[in-house]
Each structure stands twice: as structure tokens, then as C-alpha cells.
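Undergrad: Quick one: the structure is below, questions incoming.
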Amino acid sequence: MPIPFRSKNRLELIYKKLFDAFGPQHWWPGDTPFEVAVGAILTQNTNWGNVEKAIRNLKEEKALNAEKLHKMHVTELSGLIRPAGYFNIKATRLKSFIGFLVNHYGGSMERMKHEDIDILRKKLLAIHGIGPETADSILLYALGKPVFVIDAYTKRVLSRHHIKDHDAPYETFQELFHNSLKRNPRLYNEYHALFVRVGKTFCRQRPRCGGCPLSSL
């Protein structure tokens, strides 16, 4: 059972410790909002290095735009994104997202950005293969919306420090940040990226607590 605490102060302390230790993370890498959105879908169940290879393939084919990918046959797209793994499934999911982008916003991420955040989130979650983490990654990183992304690293860190039970619903974790911190996309962006950094470096499946900036919490 998580111990009671003043969540705002604790979350701010965690952020400060992580930022002091690691500095700015410059995440999410991508030249355009569309590239970031594509990367958010491709990164499901794989590491970023594999996603970079798939995106590089799309760039080499000059196909990293909504119009070309919308017209591209799903089989061709599968071949280009093969390095990202689960390429047939991800090709279908990408096509679904791009079809949505083209049909609702004329293929423009900028037009999508002007949509009300709550309405847009519901629309994204209705797309085949897009769950809360992917939808929120698109909202935050591609569109600059104030939505905190919850991933495995975030859950692992907070549960190990007795802030939330690991099996609590996605929305419960997300509400903790939305209710305790300013609704600031830059803050959410940096904070989530820092969770990824500490999760990969120290808070692994087998934790390496020695030297972790959160070990004194």
C-alpha cells in the first residue's frame, strides 16, 4: 500500500533530483511533428535504435509524409519499417493513423494541433492499435499538449518508491501528475524523458540502486 505523502512536494523533489543528475534530455527526437507521431507508433514493443532504422528507411524513400504513406500499399510499408519489429502489425496501425490524419485534418499535424485536447485524445484512442501511452506521446511530443505520458519506466520508479501501486490504472498515474504539477508541456516532456533515463540506467528490472539519484528518497 503506497505510503501517504504530499504528492506535489514529492514529485517536484523527484524531478529536481533527476534533472540535476541528468540534465535536459532533448526528447523526443524528430525533425517534424509527423515524424514524432510515426516514431510514437513504431516504438511500441521495441527499442529506439530499431525505430531509427525504420525511420531512416522511410526518409531514404522520401516517404516520410502523410500523403505518400497514405497512398503506399501496406505491404511496401511493412518492408520499409521491418527493423522496428512487428512490422505487419505496425504498418496496419500506421495506415490507420495516417488515414485518420488525412480524412480529419487533410494530412496536417498543424490542423490536428488546433483540435480540443480532450476531443482529440478520444479520437486518437479510437484508432486501431493506439492505446493511452501512444496517444499521449503524440499529444505531448508531436503536438505540444499538456498531457503526461505514463510508461513502464514511470510506473516502475513510482511504485518502487511507494508512491503508487504498480498495478494502478494508467489514468490513476496520470492524474497524479495532472493534479500535482503545472499543466506545462515542457515540464511534462522533460519529466517523462528523465523517467526513461533513470529507468534505463538504474531502475531496471533488476535495479541498480547504487548511484541512483533517487536512492536517498
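The values are calculated or read from the model by the stated rules, or taken from the named source; none is laboratory data. Not measured: the values here are computed from a predicted model. Positions of Cβ are generated from backbone atoms using ideal geometry, with glycine treated the same way; all protein chains shown enter the neighbour counts.
Undergrad: Out of the stretch 37-66, which residues are charged (D, E, K, R) and within 21 Å of L139 (Cα to Cα)? Can you show your working first?
TA: Our first condition is that a residue be charged (D, E, K, R); within the stretch 37-66, this holds for 52-53, 56, 59-62.
E52, the sole residue that qualifies.
Undergrad: Listed residues E12, E76; which is out of contact with any Cys (no Cβ under 7 Å at 6 or more places or on another chain) and assigned by TED's automatic domain parsing to the domain that holds P132?
TA: Answer to the check: E76.
Undergrad: Take R111 and decide whether it is over 14 Å from the mean Cα position of the chain (by Cα), more than 30 Å from K95 (Cα to Cα) and of a type in the set (D, E, K, R). Explain how you work it out, then say what you get.
TA: Values: over 14 Å from the mean Cα position of the chain (by Cα): yes; more than 30 Å from K95 (Cα to Cα): no; of a type in the set (D, E, K, R): yes.
No; evaluated as a whole, the condition is false for this residue.
Undergrad: Further question: How many residues, within the stretch 126-156, are at negative phi and in contact (Cβ under 8 Å) with a residue 60 or more places away in the chain? Show your work before the answer.
TA: First, the residues of the stretch 126-156 that are at negative phi: 126-128, 130-143, 145-156.
So of that shortlist, the ones also in contact (Cβ under 8 Å) with a residue 60 or more places away in the chain come out as 130, 134, 137-138, 141-143.
Looking only at that region, the number is 7.
Undergrad: Then there's this: With the checklist (1) closer than 20 Å to E12 by Cα; (2) free of Cβ contacts under 8 Å to residues at least 12 places away in the same chain; (3) over 17 Å from the mean Cα position of the chain (by Cα) in hand, flag the one item Y105 doesn't pass.
TA: Only one criterion is unmet by Y105, namely (1).
Undergrad: Does L58 satisfy being buried (at least 19 other Cβ atoms within 10 Å of the Cβ), touching a helix residue (DSSP H, G or I) at 6+ places or on another chain (Cβ under 7 Å) and not in a helix (DSSP H, G or I)?
TA: Values: buried (at least 19 other Cβ atoms within 10 Å of the Cβ): yes; touching a helix residue (DSSP H, G or I) at 6+ places or on another chain (Cβ under 7 Å): yes; not in a helix (DSSP H, G or I): no.
So L58 does not fit the description; no.
Undergrad: Quick check on my filter: what residues within the stretch 92-113 are among the small types (G, A, S) and outside any loop (DSSP other than H, G, I, E, B)? Outline the logic, then answer.
TA: At the first step, the residues of the stretch 92-113 found to be among the small types (G, A, S) are 96, 99, 106-108.
Passing the criteria: S96, G99.
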